[in-house]
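The values are calculated or read from the model by the stated rules, or taken from the named source; none is laboratory data. Being a predicted model, the structure only gives us computed values, none of them experimental. Counting neighbours? That spans all protein chains shown, and the Cβs are built from the backbone with ideal geometry, glycine included.
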């Protein structure tokens, strides 16, 4: 699925994170509220798959080369396998990826693989069953590990394991996660806890990536891996004797706004230039009112112009994304 050599109307922005649902089968405390129900979208307000595919085609025509399917938890939505199969047929896309919590991965991995999916991100913040229950609100740890093994045996590659580092909660497991990449050909990525919750909770559990790297100093010096043209914000390193790689995402302490190549499309059809910005462009309204592909393409270009806004990383109050991550998409 190579893209012809043309000028990209979106400039350096070539990566769309596409949320297909705001439902989830876990309740991770940095993503969904700890108590009560979050405000879920009525089913008619969620984009239909055919609408998402049309927007994917428009996005690809504008220069998007990579789409990552997210949620909520994307594997809870009925029909996700066929949607991913169809997404692989969108002309111009070079990469189709999936981020999942892994609860349903063992069940669906064979069908996803048959649909053409190879790029897989698994969200996993602990390697301890009891702590997993505390962090996610569910007792699915063994199912997630089984899903990971299933995906590895089927030949998914790359398999990336996303670990949000939480001070006083899971930061004692940093070496354990690193050793996972030593023994297996996985890319383990350590991610700074972003202020998606209350300021008090964020300050209590935030650990800057510089300290994470310091705690892993015993691993020795890593060799930097060049970032691909569609790569995300992770800085990737290879370490001697490792079968896999380690990645570090310092979204807060070493923010990378000038390098950001991403847009986010929520399940409700809102296009967000920045996770922490207030700006959203409604695509669902024009889409359902009969807008042309050219008109929808202009909205993608407008979103890129809005990326000129930069959040004030020195003030965590300005960084809260204004609603739960489960409603925005990862």
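Observations, loosely collected:
- Taking the criterion of being out of contact with any helix residue (DSSP H, G or I) (no Cβ under 8 Å at 6 or more places or on another chain) and closer than 21 Å to residue 24 by Cβ, the only residue of segment 139-159 that qualifies is 145.
- Count - residues of segment 243-253 that are assigned to a loop (DSSP other than H, G, I, E, B) and more than 14 Å from the chain's Cα centre (by Cα): 5
- Search result, residues across segment 56-79 that are over 17 Å from residue 230 (Cα atoms), crowded, with 24+ Cβ neighbours inside 10 Å and touching a helix residue (DSSP H, G or I) at 6+ places or on another chain (Cβ under 7 Å): 72, 74, 75
- Condition met for residue 244 (touching a residue at least 24 places away in the same chain (Cβ under 8 Å), buried (at least 18 other Cβ atoms within 10 Å of the Cβ) and at positive phi): no
- Unmet criterion (only one of (1) buried (at least 18 other Cβ atoms within 10 Å of the Cβ); (2) touching a residue at least 60 places away in the same chain (Cβ under 8 Å); (3) in a loop (DSSP other than H, G, I, E, B)) for residue 178: (3)
- Hits in segment 254-283 (condition: in contact with a strand residue (DSSP E or B) (Cβ under 7 Å, 6 or more places away or on another chain) and in contact (Cβ under 8 Å) with a residue 60 or more places away in the chain): 261, 262, 263, 264, 265, 266, 267, 269, 275, 283
- Per-region count, segment 87-106, residues over 14 Å from residue 18 (Cβ atoms) and either in contact (Cβ under 8 Å) with a residue 40 or more places away in the chain or buried (at least 17 other Cβ atoms within 10 Å of the Cβ) (or both): 9
- Failed item in (1) surrounded by 14 or more Cβ atoms within 10 Å (Cβ to Cβ); (2) under 25 Å from residue 119 (Cβ atoms); (3) out of contact with any strand residue (DSSP E or B) (no Cβ under 7 Å at 6 or more places or on another chain), with residue 251 passing the rest: (3)
- Extreme residue, modelled with the lowest pLDDT, among residues of segment 201-236 that are part of a loop (DSSP other than H, G, I, E, B) and more than 29 Å from residue 95 (Cβ to Cβ): 221
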